Amino acid sequence: MGDGTRAVRAGLPEPHKYEPTLPGPVFAAHYHLPGEPTGPYTYGRDENPTWTHLERAISELEAPGEPDGVESVVFASGMAAVSAVLFSQLKAGDVVVLPSDGYQALPLVREQLEAYGIEVRTAPTGGDAQLALLDGARLLWIETPSNPGLDVCDIRRLVAAAHDRGAVVAVDNTLATPLGQRPLELGADFSVASDTKGMTGHGDVLLGHVACRDARLAASVRRWRKIVGAIPGPLEAWLAHRSLATLSLRVERQCANALVLAEALMRRDDVSGLRYPGLPGDPSHKVAAGQMWHYGSVVSFVLPDRGRAERFLEALRLVDDATSFGGVRSTAERRGRWGGDAVPEGFIRFSVGAEDAEDLVADVLRALDETAQLAA
Ligand SMILES: *Cc1c(COP(=O)(O)O)cnc(C)c1O
């Protein structure tokens, strides 16, 4: 079965006469529960049928052909999912290896981990530099492609080295989505994502998930969700499930557009530091090609300075100046405005949407030309 077929059917319950194909959101703080309090549905913070359908859908995408061997747990946001893995698996005295160039909230997470007596080591994603820090580690956290630098590390290689030393491995798979890359098939213990991005793809829902094979690990993540209460609303869960039906369409279109845009930017001499793992000449391409089916919808590049970057963003008509990525409408931002990421002042993170490639490229080239004239 292909990804498109899998995506449109993922997580649908058995058909019942007069029932909808995808049942609507169930709003319930508690369920009728006479007698002994046995599951599956007792209290709304523990379980919800709308989550169950979505979790099943995500498992089918994370592990095609063997969804019964995988458990997925959905959360209120990507950070809720990230924190659930880190804080449920680590305790005082443990060592964790994080990327030094990962998602911008990781430094905050680091502070919190250290406050709990956990030793945090960091190294860049590129060149598999985290390999050198694994001795004595309990957990290795990988983000590939990294955000916003788009470096890639070799998941199989890092997993083998971590497992040799008795460490578990979590991969933040937000950028790729399970159609682009499947960490569990590459040996990782946890596949974690912010489903706020490409998974749901419309920029209207915050959500996250953790998928894992080991039932014991899954239970500890589920237990963490119950303790912390970082649960998605039923409407968000339902919207996410509805959005998954178009995941394959969106991924194919957006990744194809990203490559076309990257190729157009390659021909500009006012653009430097262009990165897209799908470009055959990109430093990430070789490793990416060994573990990814699609290279994501994010392209990054550098304009000569901050002023030029700001004027470029303002001149775009089809591209909103906004953060986040993975949505059907293209967005771009000057990443340096946040502080935090080690990027040049003119660094642009461009999230390529599902527009027609000709329109998008024309808009970008026009905005570059117009702002070049202003600068001259
Ligand atoms: C956005 C993002 C997160 C956090 O997700 P939220 O849904 O915003 O909480 C984590 N990791 C990566 C790579 C992200 O892009």
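Observations on the structure shown:
- Helical runs (DSSP H, four residues minimum) scored at -39500 (n - 2.57) apiece and divided by the length of the chain put the mean residue ellipticity at 222 nm at -11000 deg cm²/dmol.
- Accessible area (Å², per residue) of region 247-375, counting only protein heavy atoms and a probe of 1.4 Å: 44 Å²
- The length gained on full extension between His16 and Glu252, counted as 0.36 nm times the residue separation minus their Cα-Cα distance, comes to 81.7 nm.
- Choice from Lys226, Lys91, Lys17 with maximal GNM fluctuation in the chain (Cα, 10 Å cutoff): Lys17
- Contour excess over end-to-end distance, with Cα ends at Val8 and Ala129 and 0.36 nm allotted per residue: 39.7 nm
- Reducing region 88-111 and region 292-314 to their Cα centroids gives an inter-centroid distance of 27 Å.
- Note on the chain: Lys pairs 8 or more places apart or on different chains, Cα atoms under 30 Å apart, count 4.
- Surface share of carbon and sulfur [accessible, 1.4 angstrom probe, percent] for region 3-244: 54 percent
- When only the Cβ of Lys, Arg, Asp and Glu is charged (+1, +1, -1, -1), the dipole of region 127-263 relative to its Cα centre reaches about 600 debye.
- Counting all C-alpha pairs of region 247-375, share separated by more than 21 Å (%): 35 percent
- Summarising the overall dimensions of region 1-87 from its C-alpha atoms, the Rg and Dmax are 15.0, 45 angstrom.
- Average projection area in nm² (convex hull over Cα atoms of region 47-120, one quarter of hull surface): 6.2 nm²
- Student exercise, region 3-244 dipole from Lys, Arg, Asp, Glu Cβ charges, in Debye to nearest 20: 300 debye
- Springs between Cα atoms under 10 Å define the GNM used for the chain, and in it the highest mean-square fluctuation of Arg222, Arg337, Arg121 occurs at Arg337.
- Overall form of region 238-320: oblate. Here a/c, set by the Cα gyration tensor axes a ≥ b ≥ c, is 1.5 or more, and a/b is not larger than b/c.
- Degrees, to the nearest 10: 215-228 long Cα axis against longest axis of the chain: 80 degrees
- With the convex hull constructed from alpha-carbon coordinates only, region 141-293 shows a mean projected area of 10.4 nm² over all directions.
- Which of Leu175, Leu158, Gly4, positive extreme of dipole for the chain (C-beta unit charges): Leu158
- Magnitude of the charge dipole, region 247-375, Cβ model with Lys/Arg +1 and Asp/Glu -1, debye to 20: 360 debye
- Over the C-alpha trace of the chain, radius of gyration and Dmax come out as 21.0, 79 angstrom.
- Region 247-375 - percent relative contact order, Cα under 8 Å, separation 6 or more: 26 percent
- Rounded accessible area per residue of region 128-211, 1.4 Å, Å²: 25 Å²
- Angle between the chain longest axis and helix 155-164 axis [Cα atoms, degrees, rounded to 10]: 50 degrees
- Selection from Val109, Gly278, Leu239, by position along the positive dipole direction of the chain (Cβ): Val109
- The residue list Gln373, Ala362, Phe350 was ranked by how far each Cα lies along the charge dipole of region 247-375 toward its positive end, using unit charges on Cβ atoms, and Phe350 comes out on top.
The values are calculated or read from the model by the stated rules, or taken from the named source; none is laboratory data. Not measured: the values here are computed from a predicted model. Cβ coordinates were reconstructed from backbone atoms using ideal geometry, including for glycine residues, and neighbour counts include every protein chain displayed. Ligands, DNA and RNA are excluded from the accessible area calculation, which covers all protein heavy atoms including side chains. Shrake-Rupley method; radii C 1.70, N 1.55, O 1.52, S 1.80 Å.
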